[in-house]
Amino acid sequence: MSPQPVKPAGAIIMDGLWYDNPIFRQILGICSTLAVTNVILNTAVMCISLTLVTALSCWTVSILRDWTPRNIRMMVQTLIMAFYVIIVDILLKAYWPEMSRNLGPYVGLIITNCILMGRCEAFAISNPPGPSFLDGFFNGLGYSSILLAIAATREMTGMGTFLGWPVPFFSGPYWDKWVIMVMPPGAFFTLACMIWLCRSIWTKEKVPAQTGGK
Amino acid sequence: MDNINAELWLMVVTLFASVFTNNILLTTFLGMCSFVSVSREVKTAAGLGAAVVFVMTLTTVLNWLAYYYILVPLHLEFFRFILFIIIIAAFVQFVEMVIDRYSPKLYMALGIFLPLITVNCAILGAALFMVIRQYSFIVTIGYGFGAGLGWMMAILAMAGIRQRLTEARVPRGLRGPGITLIIAGMMALAFVGFTGVLK
């Protein structure tokens, strides 16, 4: 915890969204959310929950950073995350029970999503609350944007719809629906292609070395 | 007696289902992080896999007991995330200490993997699936073991393939995680073939 100058907000936002994007750059947190990317609506709900939980727990961890004993900080962080996840879970159950059923255990699995722990450990534990909140929020957004792109690809090619509405070309008779895209293997292939695409762009851009979550 | 036989049969079916048709890694994407990062060598993959099988079997059973004997009577079901995480973390810590004390050799083999497991989503995921699918106690034992075994099988296969890949010429942007995900996709494709073998 060396005292370091706080990064400007713009840099935090750009890092979270692109240069230090949790998915490409750090390969974090793909576990718990990939499974819900076959339908855009589910993904959107999951992404909103994840972004909120990440931002709020980073903020809380940052507020408590001076009072948290160092050797039990992991446990404290986990409990903070679990606290917010429980709130999200209860809200979903109360106001949108069918979505809660669709998402199944994946809302609860936000707790073990590595992005959360990664951001808390890498940023929130040594920075003031404001920037930590921003960092968590934009890392969540960066993550969500990729997942939404994956979900859009999968839903469009696999079912010919976008948010449940038929898309002109893909739902027509000239498009054979790629059933494999809505099944688990489709998620792996789409994510791999996304990573390929973004990494290829990076090598051209020559991004300066960044410090990742882990 | 018939009842128990039926339960045992269901347990065996669940065990096979969770290894093949419902593989926790290839169909529900749990435990991906360590799957991508620890599958470079067969030896380490085997160590991590063994640790996952062991921890997953015992923690799902412990979590079942805690959920149905503590949370359900108290109507505190929404508390399960915290309880499961604490049980898993405490159990892993405990096992680490016991192994360290009684079998330093095993500790050398498994020791470094145990802390990693606490944050492995597959362990928590198995416990949550167990609650959502309302498994009975006996079926839970089969499920925990099967899910762990399925995960171990997948990571072993992946490590074997990746070892051969070191000489291959992979496009630059695809190196590392990219190619791993493509292989995982193909493995998942193969496992889709098992669908329908069991109900």
In this structure, does residue B:190 turn out to be at the interface with chain A (Cβ under 8 Å from one of its Cβ atoms), part of a helix (DSSP H, G or I) and either surrounded by fewer than 21 Cβ atoms within 10 Å (Cβ to Cβ) or of a type in the set (D, E, K, R) (or both)? no
From (1) buried (at least 19 other Cβ atoms within 10 Å of the Cβ); (2) over 12 Å from the mean Cα position of the chain (by Cα); (3) assigned to a helix (DSSP H, G or I), pick out the condition that doesn't hold for residue B:90. (1)
Here are the criteria: (1) more than 27 Å from residue B:6 (Cβ to Cβ); (2) in contact (Cβ under 8 Å) with a residue 60 or more places away in the chain; (3) not acidic (Asp, Glu). Tell me which single one residue B:131 does not satisfy. (1)
What are the residues in segment B:37-48 that are modelled with pLDDT of 80 or more and in contact with a Leu (Cβ under 8 Å, 6 or more places away or on another chain), if any? B:42, B:45, B:46, B:47, B:48
Single match in A:72, A:87, A:115 (criterion: within 12 Å of chain B (Cβ to nearest Cβ) and closer than 16 Å to residue B:81 by Cα): A:87
In segment A:142-163, the residues that are among the hydrophobic types (A, V, I, L, M, F, W, C) and within 18 Å of residue A:195 (Cβ to Cβ): A:146, A:147, A:148, A:149, A:150, A:151, A:152
So for segment B:28-37 (the condition being of a type in the set (Phe, Trp, Tyr), within 15 Å of the chain's Cα centre (by Cα), closer than 29 Å to residue A:107 by Cα and assigned to a loop (DSSP other than H, G, I, E, B)), does at least one residue qualify? yes
Is there a residue being surrounded by fewer than 20 Cβ atoms within 10 Å (Cβ to Cβ) and out of contact with any Pro (no Cβ under 7 Å at 6 or more places or on another chain) anywhere in segment B:148-156? yes
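Let's see how each residue does on (1) of a type in the set (D, E, K, R); (2) out of contact with any helix residue (DSSP H, G or I) (no Cβ under 9 Å at 6 or more places or on another chain); (3) at pLDDT 80 or above; (4) more than 20 Å from residue A:82 (Cα to Cα):
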{"residue": "B:25", "(1), (2), (3), (4)": "no, no, yes, yes"}
{"residue": "B:29", "(1), (2), (3), (4)": "no, no, yes, yes"}
{"residue": "B:55", "(1), (2), (3), (4)": "no, no, yes, yes"}
{"residue": "B:70", "(1), (2), (3), (4)": "no, no, yes, no"}
{"residue": "B:74", "(1), (2), (3), (4)": "no, yes, yes, no"}
{"residue": "B:87", "(1), (2), (3), (4)": "no, no, yes, no"}
{"residue": "B:92", "(1), (2), (3), (4)": "no, no, yes, no"}
Taking the options B:6, B:66, B:45, B:17, name whichever one is buried (at least 22 other Cβ atoms within 10 Å of the Cβ), out of contact with any Asp or Glu (no Cβ under 7 Å at 6 or more places or on another chain), of a type in the set (Gly, Ala, Ser) and part of a helix (DSSP H, G or I). B:45
Are any of the residues in segment B:169-177 touching a residue at least 60 places away in the same chain (Cβ under 8 Å) and surrounded by 18 or more Cβ atoms within 10 Å (Cβ to Cβ)? yes
Count, please, the residues in segment B:150-181 that happen to be β-branched (Val, Ile, Thr), away from chain A (no Cβ under 12 Å) and under 24 Å from residue B:50 (Cα atoms). 2
Do we have residue B:59 as within 14 Å of chain A (Cβ to nearest Cβ) and crowded, with 21+ Cβ neighbours inside 10 Å here? yes
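Answer yes or no: is there a residue in segment A:54-67 that is surrounded by fewer than 24 Cβ atoms within 10 Å (Cβ to Cβ) and of a type in the set (Val, Ile, Thr).
Among the residues of segment A:54-67, at least one is surrounded by fewer than 24 Cβ atoms within 10 Å (Cβ to Cβ) and of a type in the set (Val, Ile, Thr), which makes the answer yes.
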Could you tell me which of the residues A:125, A:150 is of a type outside the set (Gly, Ala, Ser), part of a helix (DSSP H, G or I), touching a helix residue (DSSP H, G or I) at 6+ places or on another chain (Cβ under 6 Å) and within 12 Å of chain B (Cβ to nearest Cβ)? A:150
Return the residue satisfying two criteria in turn: it lies in segment B:94-120 and is in a helix (DSSP H, G or I), modelled with pLDDT under 80 and within 18 Å of the chain's Cα centre (by Cα), and of such residues it is farthest from the other protein chains (Cβ to nearest Cβ). B:110
Across segment B:23-56, what is the total count of residues that are within 14 Å of chain A (Cβ to nearest Cβ) and touching a residue at least 60 places away in the same chain (Cβ under 8 Å)? 19
Residue A:161 meets each of (1) buried (at least 17 other Cβ atoms within 10 Å of the Cβ); (2) modelled with pLDDT under 85; (3) of a type in the set (S, T, N, Q) with one exception, condition (1)
Taking segment A:94-112 and keeping residues more than 8 Å from chain B (Cβ to nearest Cβ) and in a helix (DSSP H, G or I) leaves A:94, A:95, A:97, A:98, A:99, A:100, A:101, A:102, A:103, A:106, A:110
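The values are calculated or read from the model by the stated rules, or taken from the named source; none is laboratory data. What you are looking at is a predicted structure, and each value in this text was computed from that prediction instead of being measured. Don't worry about glycine lacking a Cβ; one is built from the backbone with ideal geometry, like all the others, and counts go over all protein chains shown.
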